[in-house]
Amino acid sequence: MSNVLEIHSNSPEDTQRIGEVLGRAFAPGDVVVLDGDLGAGKTTFTQGVARGMGIDDLVTSPTFVVAREMPVGTSGIRLTHVDAYRISSLHEWDDLDLDVETGAMVIEWGERVVPALPEDQLEIRIVGDDHARTLTIAAHGPRSARLLAALEGYR
Ligand code: ADP
Ligand code: MG
């Protein structure tokens, strides 16, 4: 099994469905780093993740609040949705004092805070234009490899 996977999406709904598969597979302590330009589809993807975790609340971009703890859905796991765009130092990250152990975390612009995160993170980069997107997904340890394996089932 490779530790890198590419999935193509042709619509926002496709991207949400991919996120949904991931959300269903989440276990406490899972960390996902999402990167890609503004408008790539990071928040759209996270909406699918929340749906997969049985969270009914609307997922919006946490750009101005930086981190939002979502209400616990049917998965029983808390999703913390982070937008690291405005974080300029690892000190700021530490000050947020987020719990990476008991919940699951999706971090938009996560590249900025990678040194502060567990090494075993699932890394997802979204690129594309018009309505086509390519998601390049990489696992960095056994925990994230399990998530990658769940996504291999997506078609
Ligand atoms: P980001 O959080 O990366 O800045 P958003 O998810 O907020 O991006 O916005 C993505 C935009 O691109 C939305 O307006 C969405 O409708 C549009 N879009 C078009 N095609 C896709 C696709 N295949 N996947 C995700 N979003 C898409
Ligand atoms: Mg966003």
Checklist entry - Out of (1) within 15 Å of ligand 1 (Cβ to nearest atom); (2) open to solvent by less than 30 Å² (accessible area, probe 1.4 Å); (3) part of a strand (DSSP E or B); (4) under 15 Å from Gly103 (Cβ atoms), what's the single condition that is false for Leu22? => result (3)
Next on the checklist: Six or more apart or on different chains, Cβ atoms under 6 Å: show the pairs whose first residue is in the range 81-100 and without any contact (Cβ under 8 Å) to a residue 24 or more places away in the chain and whose second is more than 15 Å from ligand 1 (Cβ to nearest atom) and open to solvent by less than 90 Å² (accessible area, probe 1.4 Å).
Outcome noted: Trp93/Ile87; Trp93/Val113; Trp93/Ala116
Next on the checklist: Checking the conditions here, which among Ile137, Ile126 is within 16 Å of ligand 2 (Cβ to nearest atom) and either touching a helix residue (DSSP H, G or I) at 6+ places or on another chain (Cβ under 9 Å) or free of Cβ contacts under 8 Å to residues at least 24 places away in the same chain (or both)?
Outcome noted: Ile126
Checklist entry - So which pairs qualify, if the first residue must be in the range 30-56 and modelled with pLDDT under 95, the second must be small (Gly, Ala, Ser), the Cβ gap must be under 7 Å, and the two must be at least 6 apart or on different chains? => result Asp56/Gly73
Checklist entry - Can you pull out the strands (runs of 3 or more DSSP E) entirely within the range 44-155 that have at least 2 residues that are open to solvent by less than 50 Å² (accessible area, probe 1.4 Å)? => result 79-83, 104-108, 122-129, 132-139
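The values are calculated or read from the model by the stated rules, or taken from the named source; none is laboratory data. Predicted model only: the values in this text are computed from it and were never measured. As a convention, Cβ positions derive from the backbone with ideal geometry for all residues, glycine included, and neighbour counts pool all protein chains shown. Side chains are part of the model used for accessible areas, which takes the heavy atoms of the whole protein and leaves out ligands, DNA and RNA. Shrake-Rupley method; radii C 1.70, N 1.55, O 1.52, S 1.80 Å.
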